[in-house]
Amino acid sequence: MTQAEDKALVLFSGGQDSTICLAWALARYAWVETVGFTYGQRHMVELACRSPIRAQLSKMKDWGARLGPDHMVDLTGAIKAVGSTALTEEAEICLTEEGLPNTFVPGRNLFFFTAAAAIAYRRGLRRIVGGMCETDFSGYPDCRDDTIKAMQLALNLGMQRRFILETPLMWKSKAESFALAHALGGPELVALVVESTHSCYLGERGIRHPWGYGCGQCPACVLRAKGWEEWQARLPTELGKR
Ligand code: ZN
């Protein structure tokens, strides 16, 4: 099957970053499919956000006509078999001796990209979009730009295709991500990101902060809150530029 230049597959978890990536792809490509992974996450809250987010995005602009099917891949067995972490077990979240959060699932994004590329191969999709980010990242080595570039090369050689791995948030801070959401879909998309996406490691959705739902304490919540505040502080200047 040929790979269509304007067809994409988005790694879509239901979190803030992957939701903004999905909007980014919908604004840019004629056909966009999504893929989500279960890997024994402690909390399935994030995944439960996926369908409502897809439904809301399909009502914005002309995105409904571009949004293709959703694929779910269960990697639980594989990831459980090779190691467990605080994201998949009832352990407290802390930093390891290497300075990595113990939520690190070794090579998780490598699994994700390999599975996504196999789907993209079958579906004739050229672009694979992920929300990896090196700017604000918690030190996850599989989020690094070099990792993704090496992965693209490995997948293209190993599957004899010309995939393009795209990471629109790679060099953006969380504040810049909010700004991107605003540029792509205005206040409507920002509201969707705040209300409907989930980042909290603890799966907390009881408390609604200005930046969305979460415990407010875990690294993901702290990052999201900080990004929101930074973006809010910059917003008047940004809007004035229009
Ligand atoms: Zn949290």
Most mobile listed residue (ALA116, ALA30, ALA181) in the chain, GNM with C-alpha springs under 10 Å: ALA30
So how far apart, in nm, are the two label points at ALA65 and ILE164 if each is 7 Å from Cα heading toward Cβ? 2.2 nm
Non-local residues with an amide H under 5 Å from the amide H of GLY14, with H modelled 1.01 Å from N and Pro and chain starts lacking one, are THR19
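What whole-number value in Å² describes the accessible area per residue of the chain for a 1.4 Å probe?
Details: 11040 Å² over 242 residues.
Ligands and nucleic acids excluded, the result is 46 Å² per residue.
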List the residues, sorted by chain then number, that are 5 or more residues from ILE128 or on another chain and whose placed amide H is less than 5 Å from its amide H. LEU9, ILE164, LEU165, GLU166
With the crude spin-label approximation of a point 7 Å out along Cα→Cβ, what separation in nm comes out for ASP145 versus THR76? 3.8 nm
Using only helices, what value at 222 nm comes out for the chain when you add -39,500 (n - 2.57) per DSSP H run of length 4 or more and divide by the total residues, to the nearest 500 deg cm²/dmol? -14500 deg cm²/dmol
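Working out 0.36 nm times the residue gap between THR237 and SER58, then minus their Cα-Cα distance, what length gain in nm do you get to one decimal?
Numbers: separation 179, 0.36 × 179 = 64.44 nm, distance 3.01 nm.
Stretched fully, the THR237-SER58 segment lengthens by 61.4 nm.
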So which lysines pass the test for LYS80, namely a Cα distance under 16 Å, with those fewer than 8 places away in the same chain ruled out? none
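For segment 3-240, which whole-number percentage of the solvent-accessible area (1.4 Å probe, protein heavy atoms only) is attributable to carbon and sulfur atoms? Don't skip to the answer; put the middle values down first.
Values: 5720 of 10430 Å².
Accessible surface attributable to carbon and sulfur in segment 3-240 totals 55 percent.
The values are calculated or read from the model by the stated rules, or taken from the named source; none is laboratory data. Predicted model only: the values in this text are computed from it and were never measured. Note that we place each Cβ from the backbone using ideal geometry, even for glycine, and neighbour counts take in every protein chain shown. Please note that ligands, DNA and RNA were not included when accessible areas were found on the heavy atoms of the full protein model with its side chains. Shrake-Rupley method; radii C 1.70, N 1.55, O 1.52, S 1.80 Å.
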